[in-house]
Amino acid sequence: MELIQRVQFQPLGDARGELYALEGLKNIPFEIKRIYFMRGMHADSPRGFHAHVNLKQVAICVTGRCRMVLDDGKRRESTILDSPSSGLLIGNLVWREMHDFSDDCVLLVVASQYYDESDYIRDYKDFLKRVIHQ
Ligand code: T46
C-alpha cells in the first residue's frame, strides 16, 4: 500500500464560489467522529511529531499550503498540501510531521475517533518499537 494516499473532493461550486462536501463512508473512508482545524501557524514552527495507535484522519489544506511528512517506520515520504480538493489520508501507526506552513494556511482535519491522549505515540523510538512488533 502507498504511504501517501490522497482523497479527492469534487468541487461543487458555481459562480457564487466554491463548495466542498465531506461525507463519512462516502468520500471520507471512515465514520467521522471529530473535526478540527488549525490556523495561525508559522513556517518555523512545525507540528505533529507523533503517531496514533488507532486514529485515522484526512487532512485538507483549505487555504494556503504546508508540507506533510509521513513515516511508517520503513518509509519516510513528504507531500505538499495546497488544495481543498485533495486531502491526505493518514492511517493509524503512521508518524506525521507538518512543516513549512504558509502564513494563510488553514488545515482542516476529519478524524475517525474522539480526542484521546492515550491514543498518541509521541516518542519516535516508542513508535519504531511498536511498528516493528506489530
Ligand atoms: C494530528 C495532527 C495532524 C484537543 O484537546 N483536542 C483535539 O481534538 C486535538 C486535535 C488537540 N487537542 C489538544 C491537545 C494539545 O494540548 O490541543 C493541543 C494541540 O494538539 P497537538 O499538539 O496534538 O497538535 P498537533 O498539531 O501536533 O497534532 C494535531 C492532532 O493532535 C493530531 O491528532 O494527527 O494534528
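Rolling a 1.4 angstrom probe over the protein heavy atoms with all chains in place gives the stretch 61-128 an accessible area of 46 Å² per residue.
Only lysine pairs 8 or more places apart, or on different chains, with alpha-carbon atoms under 26 angstrom apart are counted in the chain, and they number 7. Averaged over residues, the count of other Cβ atoms within 10 Å places the peptides 42-53, 102-113 in the sequence 102-113, 42-53, highest first.
Can you give the local net charge around Leu22? Use residues other than it whose beta-carbon is closer than 15 angstrom to its beta-carbon, Lys and Arg +1, Asp and Glu -1. Kindly include the intermediate steps, with their values, before the conclusion.
On the way: positive: Arg6, Lys26, Lys33, Arg34, Lys56; negative: Glu18, Glu23, Glu31.
Taking every Cβ under 15 Å from that of Leu22, the sum is +2.
Taking every DSSP helix (H) stretch of at least 4 residues in the chain, weighting each as -39,500 (n - 2.57) and dividing the sum by the residue count yields a mean residue ellipticity at 222 nm of -2000 deg cm²/dmol.
The slack between Met38 and Thr79, meaning 0.36 nm per residue of separation minus the straight C-alpha distance, is 12.9 nm.
Considering only protein heavy atoms and a 1.4 Å probe, what is the carbon-and-sulfur percentage of the accessible area of the chain?
Working: 3920 of 7870 Å².
The C+S portion of the solvent-accessible surface of the chain is 50 percent.
In order along the stretch 118-134, the Karplus-derived 3J(HN,Hα) couplings, from 6.51 cos²θ - 1.76 cosθ + 1.60 at θ = phi - 60°, round to 6, 7, 7, 10, 9, 10, 5, 5, 4, 4, 4, 4, 5, 6, 5, 9, 7 Hz, and Gly and Pro are given as x. The stretch between His99 and His50, if pulled fully straight at 0.36 nm per residue, gains 16.3 nm over its current Cα-Cα span. Build a GNM of the chain with springs between Cα atoms under 10 Å: which of Asp123, Asp100, Asp72 gets the top mean-square fluctuation? Largest GNM mean-square fluctuation: Asp123. Structural descriptor for the stretch 28-82: relative contact order 26 percent, calculated from alpha carbon pairs under 8 angstrom and at least 6 residues apart.
Near Tyr115: Cβ cut-off under 13 Å, other residues only, Lys/Arg at +1 and Asp/Glu at -1. The net charge is -1.
When only C-alpha pairs under 8 Å and at least 6 residues apart count, what is the relative contact order of the stretch 3-64, in percent? Please list the in-between numbers first.
Working: 26 pairs, mean separation 13.1, N = 62.
Normalised by residue count, the contact order of the stretch 3-64 is 21 percent.
For Arg67 and Leu19, the FRET efficiency from 1/(1 + (r/R0)^6), where r spans their Cβ atoms and R0 equals 22 Å, is about 0.25.
The values are calculated or read from the model by the stated rules, or taken from the named source; none is laboratory data. Treat the numbers as computed from the prediction; the structure is a model and nothing was measured. Glycine also receives a Cβ, built like all others from the backbone with ideal geometry; neighbour counts cover every protein chain displayed. The accessibility values were calculated without ligands, DNA or RNA, using every heavy atom of the protein model including side chains. Shrake-Rupley method; radii C 1.70, N 1.55, O 1.52, S 1.80 Å.
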